[in-house]
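The next block holds one structure in the form of structure tokens; read it before the comments.
The values are calculated or read from the model by the stated rules, or taken from the named source; none is laboratory data. Owing to the predicted nature of the structure, the values given are computational and were not obtained by experimental measurement. Note that each Cβ is placed from the backbone with ideal geometry, even for glycine, and that neighbours are counted across all protein chains shown. What goes into the accessible areas is simple: the full protein's heavy atoms, side chains included, and nothing from ligands, DNA or RNA. Shrake-Rupley method; radii C 1.70, N 1.55, O 1.52, S 1.80 Å.
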Amino acid sequence: MSKVFEGKVLFLDRSDINTDEIIPAKYLTEVSKQALGEHLLEDLSLDGFDPQGKNLQEAAVVISRENFGCGSSREHAPWAFEVNGYNVVIAQSFARIFRQNMFNCGMLAIEASEDEINKMFSFIGKEATIKVDVENDTFEFTCEGETLSISYDISGFDKALVKSGGWLGYADANY
């Protein structure tokens, strides 16, 4: 099964964005993923970022810096992205548990080189889009008529999780 993810980009130009900034701990008692939706990134402190802004609501892909998703290990952080229509986070590096939780939810955590991240961030403040071809481990970043084609690497198992829509879909199909 071929799978493509695409959407507008939300630039979060900072390293070490942690799970408490993605979804504050006070919401971890919610009993549904949907209840997390309105609180995505509400505690993120970043110049020019508005957690109620149009950019957050229209995007489907995050581009950030190093160590994205650090802090407490919790599935709630990817869930908060998921219920808001985000399906891809691209960063220079990820906290290990956050990265795996993304794959377990059928979402992509793509690591790109510092050079590639810097090239994409050179378009910050402009409307950019990403189109990810999961089958071929590539994505295209497009902004202002310029397209960057970038390859990435994930394990075969993580790719199978994404293509199955997450751990539950994978388990249903394989066990």
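In square angstrom, what is the accessible area per residue of the chain with a 1.4 angstrom probe? Working shown, then result.
Working: 8480 Å² over 175 residues.
Here the residues of the chain average 48 Å² of exposed surface.
Using the structure shown, list the pairs from 131/159; 8/33; 26/159; 33/54 with a Cα-Cα distance above 28 Å, or answer none. Mind showing how you got there, number by number?
Numbers: 131/159 16 Å; 8/33 22 Å; 26/159 32 Å; 33/54 21 Å.
Pairs exceeding 28 Å: 26/159.
Skipping prolines and chain starts, which residues have an amide H placed within reach, meaning under 5 Å, of the one on residue 68, given they are 5 or more residues away or on another chain?
Residues meeting the criterion, in which the H sits 1.01 Å from N, are 16, 93, 94, 95.
Counting pairwise Cα distances across the chain, what percent come out greater than 25 angstrom?
Details: 4090 of 15225 pairs.
In whole percent, the long-distance tail amounts to 27.
For an R0 of 25 angstrom, estimate the FRET efficiency from the Cβ-Cβ distance between residue 35 and residue 6 and round to the nearest 0.05.
Values: r = 27 Å, r/R0 = 1.08.
Between residue 35 and residue 6 the formula returns 0.40.
Give, rounded to the nearest 20 debye, the magnitude of the charge dipole that region 50-175 has about its Cα centre when Lys and Arg contribute +1 at Cβ and Asp and Glu contribute -1 at Cβ. Working shown, then result.
Working: 10 positive and 19 negative charges, 76 e Å.
In total the dipole reaches around 360 debye.
Modelling each spin label as a point 7 Å along the Cα-to-Cβ direction, I'd like the residue 52/residue 144 distance in nm, to one decimal.
Between residue 52 and residue 144, the simple spin-label model gives 3.1 nm.
Output the relative contact order of the chain, whole-number percent, from Cα pairs under 8 angstrom with separation of 6+ residues. Intermediate results must be reported in sequence, preceding the final value.
Working: 344 pairs, mean separation 42.6, N = 175.
Relative contact order, the chain: 24 percent.
Determine the share of the chain's accessible area contributed by carbon and sulfur atoms, expressed in whole percent, with a 1.4 angstrom probe. Provide the component values of the computation, followed by the final result.
Values: 3670 of 8480 Å².
The nonpolar share, carbon plus sulfur, comes to 43 percent.
Report the full-extension gain for the segment residue 127 to residue 66: residue separation times 0.36 nm, less the Cα-Cα distance, to one decimal in nm.
Stretched fully, the residue 127-residue 66 segment lengthens by 19.7 nm.
Considering only DSSP beta bridges whose two residues both sit in the chain, what percent are antiparallel, to the nearest 5? Spell out each step's value before the answer.
Values: 17 of 30 bridges.
Taking every DSSP beta bridge within the chain, about 55 percent pair in antiparallel fashion.
Once Lys and Arg get +1 and Asp and Glu get -1 on their Cβ, which of 98, 109, 51 lies farthest toward the positive end of the dipole of region 32-175?
Of the options given, the answer is 98.
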